[in-house]
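Before any comments, here is the structure.
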Amino acid sequence: MCILLFSNLIISQELKLKYLGTAGWEMKEGNVTILIDPYISRLKLGDGESTNIDDKRRSFSRKDYFESDSLLIDSIIKNVDYIFVHHSHFDHLSDVPYIAKKTGAKVIATETSCNILRAYGIPKDQLYTVKGGEDYQFDVFSVRVIPSIHSPLNGKHYFDSRTQPDTLKAPLQIKDFVEGGSLMYFIRFKNHTVLTAGSMNFIEREVQGIHPDILLPGVNFSRLEIYNYTERLLKSTGYPKIIIPTHWDNYRVPYGFSQKIPIEKKIMPFIDEVKSASPNSKVIIPVHLETITIN
C-alpha cells in the first residue's frame, strides 16, 4: 500500500489531472482537454458549520439565483474540448453554462442537465444528451456512459425523481438544480483509462468488468451508508492501480482555505479501507488546482 500526497510532484508526462474541488477535474492527454463536473465558484451557501468565519464573501441561500464567479473561472479554465457532467445538482452543473459559452466545449450529460444548459443559451450542437449505456468514440478518446445512483443523503432518506423540462427558463435558483438522474463515465484515452464518479454510490452490476487504470471514487461521509462501499467498488473494478478520492472537500469555502478536517475525517479512513481491500493500489490525495501527471 502506497500513500502519496501530491502537490507539484510529477511522475511522467502522459495523463495530467487537476483537482477542481467537489467532484470536479481537468484531464489532459495529448491535445484533448476534458472537464468533469467543473464547479469553480464554490459559493458560500448558508451559514452552517461548513462555512468559515474568515470567508467574507456574500452568503447565498438555495432560493437565490446562481451566479458564476466569472473572474475566478477565467483565471483557472482556459481551453476545453469536452465537459462531462455526472448529474445536475448545482455543485456539479451550475458553472457549466458559463464555461461552455466561454470555450465552446461539447457537453455530455443527462436530459435534465442539457435542458438546463439550453435554458442558459447553449446551442444544441454543443450538447450530447445521454442516459447511460452509450459508448461513444471521439477523435482521440472514447467514453462509456454508465448508469449510476446518487449518494444516500439525509441518512438514506434522500430520493429525488424530479427532472427539468425543455421549456425551462434561465436564470435558475440554486434549488432548481435538481439531480435529474446520475451517471458515471469510463474514459479511454490512448494510454490510460479513468472511471469517474460524482456521488458516493454506484450500481454494482454496471461497473463489474470495468477495470480502469485510475479510479476517482466519491469518498464523502455518505459512503458509510452503503454496504461495504469501498471493498465492493474496488473488487468490481478490478482493484485499480491508482485511486484518487473525489467529492471529499468542503466546497463552501474558497480555494486556499484549509481542508485539513475533510482529509482527516474522510480521506484517511478511506485510505484504511483501501489498504484492507486492495493493498497494491496507490492512493493519491489531490490538492486543489495542482497537477498530477501519470505515466
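Work out from phi, with θ = phi - 60° and the Karplus expression 6.51 cos²θ - 1.76 cosθ + 1.60, the ³J(HN,Hα) of each residue of segment 138-152, listed in order in whole Hz, and give x for Gly and Pro.
Per-residue couplings from phi come out as 10, 4, 10, 7, 10, 9, 9, 8, 10, x, 9, 8, 6, 4, x Hz.
Mean separation of Cα pairs under 8 Å and 6+ residues apart, divided by the residue count of segment 183-295: what relative contact order is that in percent? Write down the numbers at each step before the final one.
Values: 167 pairs, mean separation 26.4, N = 113.
That works out to 23 percent.
Which of the trypsin sites (Lys or Arg not before Pro) across segment 129-224 are loop residues per DSSP, with 12 or fewer other Cβ within 10 Å?
Counting only loop positions with at most 12 other Cβ atoms within 10 Å, the trypsin sites (Lys or Arg not before Pro) in segment 129-224 are LYS131, ARG162, LYS169, LYS190.
For the chain, give me the percentage of DSSP beta bridges that are antiparallel, rounded to the nearest 5 percent.
Details: 28 of 53 bridges.
So the antiparallel bridges amount to about 55 percent of the total.
Would you mind working out the magnitude of the charge dipole of segment 36-121 relative to its Cα centre, with +1 at each Lys and Arg C-beta and -1 at each Asp and Glu C-beta, to the nearest 20 Debye?
It comes to approximately 280 debye.
Cross-link candidates for LYS190: which aspartates and glutamates have Cα within less than 15 Å, leaving aside residues fewer than 8 places away along the same chain?
Filter leaves GLU14, GLU29, ASP139, ASP213.
Taking the Cα centre of segment 87-198 as the origin and placing charges on Cβ (Lys, Arg +1; Asp, Glu -1), which of PHE141, ALA119, GLN173 is farthest toward the positive end of the dipole?
Checked the options; the winner is PHE141.
In whole percent, and with a 1.4 Å probe on the protein chains, what portion of the accessible area of the chain is carbon and sulfur? Walk me through the numbers before you get to the answer.
On the way: 6410 of 13320 Å².
Looking at the chain in its full context, I get 48 percent from C and S.
Please sort by residue number the trypsin sites (Lys or Arg not before Pro) in segment 91-127 whose DSSP state is loop and whose Cβ has at most 15 other Cβ atoms within 10 Å. Please list the in-between numbers first.
Numbers: sites: LYS101, LYS102, LYS106, ARG118, LYS124; in loops: none.
Those that pass, being in a loop and sparsely packed, number zero.
When the Cα centres of segment 155-220 and segment 21-75 are compared, how far apart do they sit, in Å?
That distance is 18 Å.
Can you find, among GLY104, GLY30, LEU72, the residue farthest towards the positive end of the dipole of segment 1-131? Put +1 on the C-beta of Lys and Arg, -1 on that of Asp and Glu.
GLY104
Summing Lys, Arg as +1 and Asp, Glu as -1, what charge do residues with Cβ under 14 Å from the Cβ of GLY46 carry, GLY46 excluded?
On the way: positive: ARG42, LYS44, ARG57, ARG58, ARG62, LYS63, LYS175, ARG252; negative: ASP47, GLU49, ASP55, ASP64, ASP91.
Charge balance in the 14 Å sphere: +3.
For the pair ARG57 and LYS124, how long in nm is the line joining their label points, each one 7 Å along Cα→Cβ?
3.5 nm
Taking the Cα centre of the chain as the origin, how large is its charge dipole in debye, to the nearest 20, when only Lys and Arg (+1) and Asp and Glu (-1) carry charge on their Cβ atoms?
So the magnitude is around 80 debye.
With θ set to phi - 60°, apply the Karplus curve 6.51 cos²θ - 1.76 cosθ + 1.60 along segment 207-222 and write out the HN-Hα couplings as whole Hz, x wherever there is a Gly or Pro.
Working through the residues one at a time gives 9, 4, x, 8, 10, x, 5, 10, 10, 10, x, x, 10, 5, 4, 5 Hz.
Per residue, how many Å² of accessible area does the chain show with a 1.4 Å probe?
45 Å²
What's the local net charge at GLU111, with K and R +1, D and E -1, over the other residues with C-beta under 14 Å away?
+1
Can you give me the P(r) profile for the chain? Cα pairs, bins 5 angstrom wide beginning at 0, each as a whole percent.
Histogramming the chain at 5 Å steps yields 1, 5, 12, 17, 20, 19, 14, 8, 3, 0, 0 percent.
Return the sequence-ordered ³J(HN,Hα) values of segment 119-135 in whole Hz as given by the Karplus equation 6.51 cos²θ - 1.76 cosθ + 1.60 applied to θ = phi - 60°, using x for Gly and Pro.
With the stated coefficients, segment 119-135 comes to 4, 8, x, 6, x, 5, 6, 8, 10, 10, 7, 10, 10, x, x, 5, 9 Hz.
Quick one: if the Förster radius is 41 Å, what FRET efficiency do VAL140 and LEU168 give, using the C-beta to C-beta distance and rounding to 0.05? Write down the numbers at each step before the final one.
Working: r = 33 Å, r/R0 = 0.81.
The pair VAL140/LEU168 has a calculated efficiency of 0.75.
The values are calculated or read from the model by the stated rules, or taken from the named source; none is laboratory data. For clarity, every value in this text was computed on a predicted model and none was experimentally measured. A quick note on method: Cβ atoms are made from the backbone with ideal geometry, for glycine too, and the neighbour counts reach across all protein chains shown. Calculation scope for accessible area: heavy atoms of the full protein, side chains included, ligands and nucleic acids excluded. Shrake-Rupley method; radii C 1.70, N 1.55, O 1.52, S 1.80 Å.
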